[in-house]
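K.L.:
Just dropping this structure here.
The values are calculated or read from the model by the stated rules, or taken from the named source; none is laboratory data. Since the model is a prediction, treat every value here as computed from it, not as a measurement. Cβ sites come from the backbone with ideal geometry, for glycine too, and all protein chains shown count toward neighbours. Heads up: the accessible areas ignore ligands, DNA and RNA and are worked out on the full protein's heavy atoms, side chains in. Shrake-Rupley method; radii C 1.70, N 1.55, O 1.52, S 1.80 Å.
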Amino acid sequence: MIYDRILIRYGEISTKGKNRNKFIDRLRKNIQKSLADFPKASVKADRDRMFVLLNGEDGIRVADCLKKIFGIQSFSLAVKTEQDKEKMKDAALVLFQQVYKEGNTFKISARRADKTFELDTNGINHELGGHLLRNIPGLVVDVRNPDINLQAEVRKEGIYLSAENIVGAGGMPAGSGGKAMLMLSGGIDSPVAGHLSMKRGLEVEGVHFFSPPFTSERARQKVIDLSEKLAEVSGQFVLHIVPFTEVQQMIHKQVPENYTMTSTRRIMLQITDELRKKNGGLAIITGESVGQVASQTLESMYAINEVTSTPVLRPLVMMDKSEIMEIAQQIETHDISIRPYEDCCTVFVPASPKTKPKLEKVQRFESFFDFEPLIQKAVEETETILIKPGRNTLDVIDEDLF
C-alpha cells in the first residue's frame with residue numbers, strides 16, 4: 001500500500017465555533033493515546049482537518065483503531081503528492097490500482113481549496129479520469145453510483161488523494177464534556193451506558209463493587225476486560241474497585257430481606273458519590289432501564305436516588321433489552337458480559353425483592369445501624385487501576401497523586 005497518512009474529518013465538532021479548537025485538541029490527544037501501539041504514527045490537526053501521519057505504520061491496522069474513536073465523522077486512507085499535474089496523475093493511478101477490482105466503476109471528485117493551482121475542478125476531474133481510463137482497460141465511468149470514488153483535494157501544501165470514505169463513530173471526543181462515574185457491573189447494560197456517555201463527550205471512570213469470597217477473581221477480571229473495551233474509545237480507562245463484602249453482609253444482617261436490594265443500591269450510590277467527589281466527577285452514570293428488574297421500577301429509582309443530589313445519568317432508561325444487546329454486540333462487550341461469573345448484586349439477590357419499596361420504610365430500616373463508617377472504609381480501601389487497550393496492562397494508581 002502507498003498510503004502515507006489518514007485524513008480525518010470532523011463531525012459535530014465543526015459546529016462549536018470559538019470553542020472548536022478545544023474539542024479538536026481533545027480529539028487529537030484521544031487519537032494519540034489510542035495509537036500507542038503504533039509509535040511511529042503522529043497526529044497533526046488544524047481547524048478544518050486532522051491527519052494521522054503513518055511514517056511507515058500499517059495504515060489498515062491504524063484505521064481499525066480510528067473506527068472506535070468518538071468525534072470522528074469519517075476518515076480516508078490517503079497519499080499526499082506535490083502540486084504538480086503529472087505527479088498527481090501518477091500517484092492517483094498507483095492508489096487506484098490498490099483498490100480496483102475488475103468490473104468496478106468509478107468517478108473523480110475534485111476539490112480545489114488552493115485556487116492558484118493550474119487546473120480548476122473540472123480540469124482535475126478530466127485529467128485524472130482520462131489518465132485512469134487510458135491505463136486501466138475496461139474501466140467504466142459512473143458518476144451517480146460508482147464503486148470507487150477517487151477524491152483529490154488541492155491545498156497549498158500539496159494534493160491529497162484518497163479512494164474511500166470510512167464512517168467514523170461520530171459523537172463528541174470523549175473527555176470534552178466533563179467527568180462522570182459509571183457504576184460498572186459485569187452485566188450487559190452498564191458497559192453500553194458507559195459507551196453512550198463517552199459518545200456524548202464525557203470522561204468516564206468505572207466503579208465496580210467486589211465482594212470476595214462471594215464473587216470470584218474471574219468476575220473481577222470480567223469487569224477489567226469490559227473496561228479494556230471502553231478504553232479503546234479514548235486510549236485509557238480508570239477503574240475503581242470497591243471492597244463491598246463487609247457492607248453487604250451488614251445490610252443482610254440489619255435490613256429485612258425484601259428490602260436488601262434497595263438498601264444495597266442506595267449504599268452503592270453513596271459510595272460512588274464519595275468517589276465522584278474525590279476524583280472531580282460531576283455526575284453518576286448507571287445502566288438502568290425502566291422496569292427491567294426490581295431495582296429499576298420508578299418506585300425503586302425514587303427510593304434509591306434519595307441518597308444523593310448529584311445528577312444520575314441513565315442513557316438506557318427507555319431502551320428495551322434487545323436494543324441494549326444489539327449495541328453490546330456492536331461494541332464487543334456482549335460476549336464478555338455473558339461469561340458465567342456473577343457480581344455481588346446477583347449473588348445476594350433476595351428471593352422476592354420489593355418492586356415498589358417505600359422510602360420511609362427503607363430509611364427506617366437503615367436508621368438502626370450507622371453505615372457511614374463502613375461507607376468511608378470502603379472508599380478509603382478502594383483500589384484504582386488504569387487500563388489501556390490491547391496490551392492487558394494494569395497500572396495501580398497512587399491515590400495521593402491521582
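K.L.:
Rounded to the nearest 0.05, what FRET efficiency do Ile136 and Ser14 have when you use their Cβ-Cβ distance and R0 = 45 Å?
P.N.:
0.80
K.L.:
Okay, moving on. So if I take the centroid of the Cα atoms in region 178-207 and the same for region 93-159, what is the distance between those two points in Å?
P.N.:
Cα centres, region 178-207 to region 93-159: 43 Å.
K.L.:
Right, something else. Tally up the carbon and sulfur contribution to the accessible surface of region 179-396 as a whole percent, 1.4 Å probe, everything protein left in place.
P.N.:
52 percent
K.L.:
Which of the pairs Lys229/Lys278; Lys101/Lys199; Lys229/Lys253; Lys22/Lys67 have their Cα atoms more than 31 Å apart in this structure?
P.N.:
Over 31 Å Cα-Cα: Lys101/Lys199; Lys229/Lys253.
K.L.:
Now for a different question. If amide hydrogens are placed 1.01 Å from N in the peptide plane, which non-local residues have theirs closer than 5 Å to the one on Leu182?
P.N.:
So Leu182 has HN proximity to Glu205, Gly206, Val207, Ile285.
K.L.:
Where does the chain land on the Kirkwood hydrodynamic radius, alpha-carbon pairs, in angstrom?
P.N.:
Across the chain, the inverse of the average 1/r is 23.8 Å.
K.L.:
Calculate what fraction, in whole %, of the accessible area of region 59-156 sits on carbon and sulfur atoms when a 1.4 Å probe is rolled over the protein chains. Don't skip to the end; give the middle numbers.
P.N.:
On the way: 2260 of 5040 Å².
The C+S portion of the solvent-accessible surface of region 59-156 is 45 percent.
K.L.:
Find, among the trypsin sites (Lys or Arg not before Pro) in region 133-202, those assigned to loop by DSSP (not H, G, I, E, B) with at most 16 other beta-carbon atoms within 10 angstrom. Could you put the intermediate results ahead of the total?
P.N.:
On the way: sites: Arg134, Arg144, Arg155, Lys156, Lys179, Lys199, Arg200; in loops: Arg144, Lys156.
Answer by residue number: Arg144, Lys156.
K.L.:
Moving on. With the other protein chains left in place, how much accessible area per residue, in square angstrom, belongs to region 5-167 at a 1.4 angstrom probe?
P.N.:
Details: 8200 Å² over 163 residues.
For region 5-167, the per-residue accessible area is 50 Å².
K.L.:
Net charge near Asn258, counting Lys/Arg +1 and Asp/Glu -1 over other residues with Cβ under 12 Å of its Cβ?
P.N.:
+3
K.L.:
Given the pairs Lys44/Lys107; Lys321/Lys361; Lys44/Lys87; Lys33/Lys85, which span a C-alpha to C-alpha distance of over 26 angstrom in this model? Show your work: numbers first, answer last.
P.N.:
Numbers: Lys44/Lys107 29 Å; Lys321/Lys361 31 Å; Lys44/Lys87 24 Å; Lys33/Lys85 37 Å.
Table pairs above 26 Å Cα-Cα are Lys44/Lys107; Lys321/Lys361; Lys33/Lys85.
K.L.:
Something else: Run the numbers for Ser74 and Val143: contour at 0.36 nm per residue of separation, minus the present Cα-Cα distance, in nm.
P.N.:
Computed gain between Ser74 and Val143 is 22.7 nm.
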